[in-house]
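The values are calculated or read from the model by the stated rules, or taken from the named source; none is laboratory data. Source: prediction; values computed, not measured. So basically every Cβ, Gly included, is an ideal-geometry build from the backbone, and we count neighbours across all protein chains shown.
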Amino acid sequence: MKNAERQTRSFLMKLFAEHGFHPRGDLGQNFLIDLNLMEFVVRSGGLQPSDVVLEIGAGTGGMTSMIAPHVSRVLSIEIDSNMYEIARETTAPFENVTLLRTDVLKNKNRFSAVVVETLQRILAESPDPVFKLIANLPYNVATPVMSNLVASDLPWSVMVVTIQWELAQKMVAKHGESGYGALAVWLQSQCQVKILKKVKPTVFWPRPQVDSAIVRLEPLENPPAKIDDRRFFQDFIRRLFSQRRKLLRSVLIGMFRKQLTKPDVDRLLVDGGFAENARAENLDISHLVALSNRFRREIAGTSSDILGEDESEESIEA
């Protein structure tokens, strides 16, 4: 089937009726039915013949089929067995498409092992691969997918994703703004984050209740500050912003009560030039990175428990 036919609202409704199932809200299934916007997403990835593209949420395979002719390989993930069968039929003409029926996430803080292993194998088989994420991301996995990819050692070069507008605003928020939090700090400390376009609900079927955004992320060549330990930093800002309006001193004393005394925390804050009334939400990224590095170095010299109290498998939330 032609992409134009496959991705119209009327065609999708007929297709679903013939198969006897409906889009699943619990899986964030909102299909992009505006072909111009779909082409815009794909075009914004700057696709080249050497690219290896990861797509999450294959759906009916419309975007997969649009990407495949322009790249070396596509790994497309679909959790829904009904969608998987349709996508498999749609992408059958493309020998460079690998379709997996699985959840992309093991949990909020980890990618599925089969996804990582398959992607690593494809990258190893590809000559001079350039790895990109291009996807109309299901809303319920958007934050952990982006956060985990940045946290991983996978050699990604570009992400172009469709996500909720509110999430996009939080990703680009600056210190002092209401949306500024752990996600903004985590991404902006390592990536250039740019909102390319605001998208209305009418371009999806079924229509979501909120606006969406097309966002592009690229790794920064010159980050605002050097992160000594990315795992420590990710956990540090997650816990710091979970109490973002509390005084920095109080939060840090609680976070590291097993490794540092109150005078230790006071000394580190004074030496770093942080005011007594400082709060996480008012600190820019460079200051947060410097604070994290300072505490990590202090703890590394006094304790083998680097991450400290309340370490968990929780991911950064929007």
> farther than 19 Å from residue 142 by Cα and buried (at least 22 other Cβ atoms within 10 Å of the Cβ): does that describe residue 62?
Replying inline: yes
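Answer yes or no as to whether residue 135 is surrounded by fewer than 22 Cβ atoms within 10 Å (Cβ to Cβ) and not acidic (Asp, Glu).
Working: surrounded by fewer than 22 Cβ atoms within 10 Å (Cβ to Cβ): no; not acidic (Asp, Glu): yes.
When the stated conditions are applied, residue 135 does not pass them.
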> Name the residues in region 90-113 that are loosely packed, with under 15 Cβ neighbours inside 10 Å and assigned to a helix (DSSP H, G or I), would you?
Replying inline: 113
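Out of the residues in region 143-162 that are hydrophobic (A, V, I, L, M, F, W, C) and free of Cβ contacts under 8 Å to residues at least 40 places away in the same chain, state the one that is farthest from residue 235 (Cα to Cα). Steps first, answer last, please.
To start, the set of residues in region 143-162 that are hydrophobic (A, V, I, L, M, F, W, C) comprises 145-146, 149-151, 154, 156, 158-161.
After this cut, where a residue has to be free of Cβ contacts under 8 Å to residues at least 40 places away in the same chain as well, the list is 149, 154.
On the way: 149: 15, 154: 19 Å.
Among residues in region 143-162 that are hydrophobic (A, V, I, L, M, F, W, C) and free of Cβ contacts under 8 Å to residues at least 40 places away in the same chain, the one farthest from residue 235 (Cα to Cα) is 154.
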> Which of (1) over 25 Å from residue 212 (Cβ atoms); (2) of a type in the set (Asp, Glu); (3) not in a helix (DSSP H, G or I) does residue 117 not meet, given it meets every other one?
Replying inline: (3)
> Here is a list of conditions, (1) surrounded by fewer than 19 Cβ atoms within 10 Å (Cβ to Cβ); (2) modelled with pLDDT under 95; (3) at positive phi, and residue 34 meets all of them except one; can you say which number that is?
Replying inline: (3)
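Does residue 153 satisfy being touching a Gly at 6+ places or on another chain (Cβ under 9 Å), surrounded by fewer than 21 Cβ atoms within 10 Å (Cβ to Cβ) and not hydrophobic (A, V, I, L, M, F, W, C)?
no
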> So which residues in region 47-57 are out of contact with any Lys or Arg (no Cβ under 9 Å at 6 or more places or on another chain) and aliphatic (A, V, I, L, M), if there are any at all?
Replying inline: 56
> What number of residues within region 197-234 are under 16 Å from the mean Cα position of the chain (by Cα), surrounded by fewer than 16 Cβ atoms within 10 Å (Cβ to Cβ) and hydrophobic (A, V, I, L, M, F, W, C)?
Replying inline: 1
>> If the requirement is being at pLDDT 95 or above and touching a Gly at 6+ places or on another chain (Cβ under 6 Å), which of these qualifies: 294, 216?
In response: 294
> Can you name every residue in region 155-187 that is under 29 Å from residue 76 (Cα atoms) and in a loop (DSSP other than H, G, I, E, B)?
Replying inline: 155
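For region 158-184, which positions are on the phi > 0 side of the Ramachandran plot and in contact with a strand residue (DSSP E or B) (Cβ under 8 Å, 6 or more places away or on another chain)? First the steps, then the outcome.
So in region 158-184, the residues on the phi > 0 side of the Ramachandran plot come out as 176.
Hits for region 158-184: nothing passes.
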>> Considering only region 239-248, I want to know if a residue exists there that is in a loop (DSSP other than H, G, I, E, B), assigned by TED's automatic domain parsing to the domain that holds residue 152 and of a type outside the set (A, V, I, L, M, F, W, C).
In response: no
> What are the residues in region 59-92 that are within 24 Å of residue 156 (Cβ to Cβ) and of a type in the set (Val, Ile, Thr), if any?
Replying inline: 64, 67, 71, 74, 77, 79, 91
>> I'm told residue 207 meets every condition in (1) more than 20 Å from residue 292 (Cα to Cα); (2) not in a loop (DSSP other than H, G, I, E, B) except one. Can you identify the failing condition by its number?
In response: (2)
>> Here are the criteria: (1) of a type outside the set (D, E, K, R); (2) under 17 Å from residue 47 (Cβ atoms); (3) in contact with a Lys or Arg (Cβ under 7 Å, 6 or more places away or on another chain); (4) buried (at least 18 other Cβ atoms within 10 Å of the Cβ). Tell me which single one residue 126 does not satisfy.
In response: (4)
